[in-house]
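Asker: Dumping the structure here so I can ask a few things about it.
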2 protein chains.
Amino acid sequence: MRMKKAHIISIGNELLIGDTINTNAAHIGQRLTHFGIVPEQIFTIPDEYSIIKKRIGRSLVHADVTIVTGGLGPTHDDITKKVVAEIFESRMVSDELVLKHIKKIFSDRGFTLSPSNIEQAHVPEACTVLFNKQGTAPGMWFEKKGNYLAVLPGVPYEMKHLMENGVEPRLRSIFKDLNIRVTDYLKTAGIPESTLSDLIGNLEEYTNNGVGVAYLPNPGGVTMRLSAEGATKQVAEQKLVKLRKMVFDKSGDFIFARQRDKTLAEVVGSLLADKKLTIATAESCTGGMLSNEITDVPGSSSYLLGGVVAYSNSAKSQLLGVDGEVIEQFGAVSKPVALAMASHAAVRFGADIGVSTTGIAGPTGGSADKPVGTVWIGFFICGEHFALKTVFTNNRLVNKQRTVMVALETLRRHLLGINTYPYELKPHYS
Amino acid sequence: MRMKKAHIISIGNELLIGDTINTNAAHIGQRLTHFGIVPEQIFTIPDEYSIIKKRIGRSLVHADVTIVTGGLGPTHDDITKKVVAEIFESRMVSDELVLKHIKKIFSDRGFTLSPSNIEQAHVPEACTVLFNKQGTAPGMWFEKKGNYLAVLPGVPYEMKHLMENGVEPRLRSIFKDLNIRVTDYLKTAGIPESTLSDLIGNLEEYTNNGVGVAYLPNPGGVTMRLSAEGATKQVAEQKLVKLRKMVFDKSGDFIFARQRDKTLAEVVGSLLADKKLTIATAESCTGGMLSNEITDVPGSSSYLLGGVVAYSNSAKSQLLGVDGEVIEQFGAVSKPVALAMASHAAVRFGADIGVSTTGIAGPTGGSADKPVGTVWIGFFICGEHFALKTVFTNNRLVNKQRTVMVALETLRRHLLGINTYPYELKPHYS
């Protein structure tokens, strides 16, 4: 079967003038690639009738699949729906299910329905509605002479929802016998990109025949993308298996997930749930970010008992029971305070594990002795009691993020019995 | 002078398959807009000779200015330079200054110069070199029949450096008498996009002559972008002032900031600092997100005393002192529990203000009575005691975000004496 090509069309002046960064196109490109469909071009175009019409019209001829996002909102500048109705010479009809859904959303929230909201239930008769559970703008699916067109809202989580539940099942059933591309995202934490690539070394003998590795660094760690393709899934996966084995042999301890969307908090959460362990947090410099990431995971209430954001010294004493004299003597950013916060958090909440953070997030508050970026992270893990000291950057948000990453990655390695620490830090015992 | 149009061309397979998000195009779009040049389309295309040639060739005819990024590296798939040389029928010559610069970079780092590195100093004879202090790939500037083309490396900080020091000075001197464009970002919270646009109403009398309003929704609220242009900055600003006054008259209570990067937590933080008030949080369904956002603001330790993440019922009782029988009788997601969490948080931390959240974040845990998305937000503000009930979506992360937004926006309005509530919610008193 010949290669299938896709065009992605992103509509919106806000994208052109740089008000919004186009993350939607990247997500769609990723998903199409997964199905063996090549995203050949991305067009970002303004909310202008003639340009939208010309662009969609051309892509419908040149691409096997066209995915359009944006311009489906209730305001005057949202004209995508009118354009596709004209392209398909189709009259607008009100979709009963969509209208019911919109009415329910508004009545649940106690809002009044405006005429422009009711109009959101209108769709061109030629389309199949992609029902949007997450919002008021329905997605639309069209076919024209064996070419396919999906029109999706521009709100990222609505777009993702409709890709997953509307577009992807259709692509899977239409393009059954495409050249399959298999990809593995191996996510690491607590190791710099250069150290990781030195560890993996030269890959030339693996990376021919459509097999490759890319290093994708981001604030939460470095992700390795391994990919391979072949006429069948088996052929592609055979190629990938050899490469993956080598990468795991060399860097397995650092890899916390094999799915791109998986977070470190999810992985730690699963380990806690498996081992039936509970956790409590005591946060100073991270201000709630650690418990926030843990509670982003559905079901986290089964292992997170709670936390204290002990921002002031009196909160550290009164809510956590850290000895005020210890804070006085060593300072709030110190090993003894980090250790006490961790163990007291565990005791207060009756948890197996307590984790604490105390540091100077910045941009001010540092000293020669304790510069901005100095952080102590305390651990009380089923009786084992230690703290890590790190010095990060002078960027407040980066310091918060890295502290949370090191805390979670230390937990992960400890729960798995891996006896190294993130960034080769050394544990300080009490 | 007629409007000047620009095309932005982003080259690179990594952009198409979604490994990299195209932040470069947003930056370039912003800068062009500032100079009164309209970024009409963004094309993201693969590292393929024929596609690059066709695309640049077309844009050179259709756009006054074309900015190309990517494909200038030392590896085999970087072919942009060869393509432009062919378009301009120009032979390649080695640029002495660039070669010297590349040699210096390599000797400074102690690396050996490879043939492909030396080739980076080759440029088409027809171009003016845009000297790249930040890297080894030179930028290039071309002119063809009054149309302009800049070719820049794809590494974001190199691209920004060359935009600022190579491209922008040239645009400024070539397009001296372009219309100046001025922009205001008005950020709102607690009002749906459709309600806001109905409130502002028809803008026809304002939006001619290059004056416009755009609604940019995101999970934290809707931002209105007001823009105007004119032959001089004064003329443009006069147009904007009239529009801004009208928008403020109609929706001023909902506007929390006039700067694009300002967060609601920053605004509430400034109000607390001005009024010398302190705050404490008691979070259940938001799991620390509220205190996390508050502590993203530098200096927040002066007003945030701390918080409790009371995820389990026993944490609500033991750490916050909420009556266990009240939880038993009304359930954890209820008005009495939200009220008690808020006042107890204030008392425990000795703060003037206590804010609480308790709800069903989802995706599971709902009932007919209390569906997923049901949230109670409690307030204890200098003795005033009330709670708001909302029903959001079935998306866990969106529910957390919206809860935090409503909590902060309620505080903002209360501290400013605005007597409405986000989303027209009604306060429930004890």
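Asker: Have a look at A:312, B:191, B:157 and report the one farthest towards the positive end of the charge dipole of the protein assembly as shown, computed about the Cα centre with Cβ charges (Lys/Arg +1, Asp/Glu -1).
Answerer: Result: B:157, furthest along the dipole toward the positive end.
Asker: Which of the trypsin sites (Lys or Arg not before Pro) found in segment B:270-365 are loop residues per DSSP with 15 or fewer other Cβ atoms within 10 Å of their Cβ?
Answerer: Those that pass, being in a loop and sparsely packed, are B:275, B:276.
Asker: Using modelled backbone amide H atoms (1.01 Å from N, in-plane), which distant-in-sequence or interchain residues come within less than 5 Å of residue B:148's amide H?
Answerer: B:65, B:66
Asker: In peptide A:281-287, what is the residue-averaged number of other protein chain Cβ atoms found within 10 Å of each Cβ?
Answerer: Across A:281-287, the average partner-chain Cβ count within 10 Å equals 5.
Asker: Once the label point is set 7 Å along the Cα-to-beta-carbon vector, what list of distances in nm do you get between residue B:325 and its counterparts in the other copies?
Answerer: Distances to the matching label points in the other copies: 4.1 nm.
Asker: Exceeding 28 Å between C-alpha atoms, which entries from my cross-link table qualify? They are A:82/B:53; B:4/B:250; A:100/A:160; B:187/B:239; A:275/A:426.
Answerer: A:82/B:53; B:4/B:250
Asker: Continuing with this model, one more query. Using DSSP to define loop residues, name the trypsin sites (Lys or Arg not before Pro) in segment B:104-170 whose beta-carbon has at most 11 other beta-carbon atoms within 10 Å.
Answerer: B:133, B:145
Asker: OK, next. Please give, to one decimal in nm, the separation of the simple spin-label points placed at residue B:430 and residue A:157, each 7 Å out from Cα toward the Cβ.
Answerer: Placing both labels 7 Å along Cα→Cβ, they lie 3.2 nm apart.
Asker: Could I ask something else about it? On average, how many beta carbons from a partner chain sit within 10 Å of the beta carbon of a residue in A:224-230?
Answerer: Averaged over the peptide's residues, the number is 1.
Asker: Just to confirm the filter: which GluC sites (Glu not before Pro) across segment B:144-238 are DSSP coil and have at most 13 other Cβ within 10 angstrom of their Cβ?
Answerer: B:204, B:205
Asker: Now for a different question. Output the Cα-based Rg and Dmax of segment A:180-257 in Å, rounding Rg to one decimal and Dmax to a whole number.
Answerer: 12.3, 37
Asker: Another one. How large is log10 I(q)/I(0) at q = 0.05, 0.10 Å⁻¹ when the Debye formula is applied to the Cα atoms of the protein assembly as shown, each weighted equally and without solvent?
Answerer: Each listed q maps to, in turn, -0.30, -1.29.
Asker: Further, regarding this structure: Could you bin all the Cα-Cα distances of segment B:296-398 into 5 Å bins starting at 0 and give me the percent of pairs in each, rounded to whole numbers?
Answerer: Reading upward from the zero bin: 3, 13, 21, 22, 19, 13, 6, 2, 0.
Asker: Select from B:157, B:148, B:185 the residue whose mean-square fluctuation is largest in a Gaussian network model of chain B (Cα-Cα springs shorter than 10 Å).
Answerer: B:157
Asker: Moving to a separate point now. Got the residue A:107 label distances to the other copies yet, label 7 Å along Cα→Cβ, in nm, shortest first?
Answerer: Listed shortest first, these distances are 8.0 nm.
Asker: Under 18 Å from a point 7 Å along the Cα-to-Cβ line of residue A:258: which residues of segment A:187-203 have their amide N that close?
Answerer: A:187-189
Asker: Turning to a different aspect of this structure: So in chain B, what percent of DSSP beta bridges are antiparallel if you round to the nearest 5?
Answerer: If we restrict to bridges inside chain B, about 60 percent are antiparallel.
Asker: Which of the lysines could a cross-linker bridge to residue B:103, judged by Cα under 21 Å and excluding same-chain residues fewer than eight apart?
Answerer: Candidates past the 8-residue exclusion: B:81, B:133.
Asker: Just name one of A:215, A:182, A:252: the one whose Cα is farthest towards the positive end of the charge dipole of segment A:180-257 (beta-carbon charges, Lys/Arg +1, Asp/Glu -1).
Answerer: A:182
Asker: May I ask you to compute the full-extension gain from residue B:145 to residue B:241, defined as 0.36 nm times their residue separation minus their alpha-carbon distance, rounded to one decimal in nm?
Answerer: 30.7 nm
Asker: Please list, or write none, the aspartates and glutamates whose alpha carbon is within less than 16 Å of the alpha carbon of residue B:104, excluding same-chain residues fewer than 8 places away.
Answerer: Straight-line reach from residue B:104, under 16 Å: B:95, B:96, B:119.
Asker: Using a Förster distance of 60 Å, how high is the FRET efficiency between residue B:125 and residue B:325, based on the Cβ-Cβ distance and rounded to 0.05?
Answerer: 0.10
Asker: Still on this structure, please answer the following. Out of the DSSP beta bridges found with both residues in the protein assembly as shown, what percent are antiparallel (nearest 5)?
Answerer: Beta bridges within the protein assembly as shown, antiparallel portion: roughly 65 percent.
Asker: Next question. Once you charge only the Cβ atoms, +1 for Lys and Arg and -1 for Asp and Glu, what is the size of the charge dipole of the protein assembly as shown about its Cα centre, to the nearest 20 debye?
Answerer: Here the protein assembly as shown has a charge dipole of around 960 debye.
Asker: Please compute one quarter of the surface area of the Cα convex hull for chain B and express it in square nanometres.
Answerer: Average of the hull's projected areas for chain B equals 26.5 nm².
Asker: By per-residue mean of other Cβ atoms within 10 Å, what is the highest-first order of A:63-70, A:281-288, B:326-333?
Answerer: Ranking, from highest mean packing down: A:281-288, A:63-70, B:326-333.
Asker: Lys and Arg at +1, Asp and Glu at -1: add these up for the other residues within a Cβ distance under 14 Å of residue B:371 and post the number.
Answerer: That sum, taken over residues with Cβ under 14 Å, equals +4.
Asker: Run through the other copies and list how far each one's label point is from that of residue A:173, in nm with one decimal, shortest first; the point sits 7 Å from Cα along Cα-Cβ.
Answerer: So the label point of residue A:173 gives 6.3 nm to the other copies.
Read the figures in this text as sums done on the coordinates, not as results from a lab. Fair warning: this is a prediction, and the values are worked out from it, not measured in the lab. For neighbour counting, all protein chains shown are included, and Cβ atoms are generated from backbone atoms with ideal geometry for every residue, glycine included.
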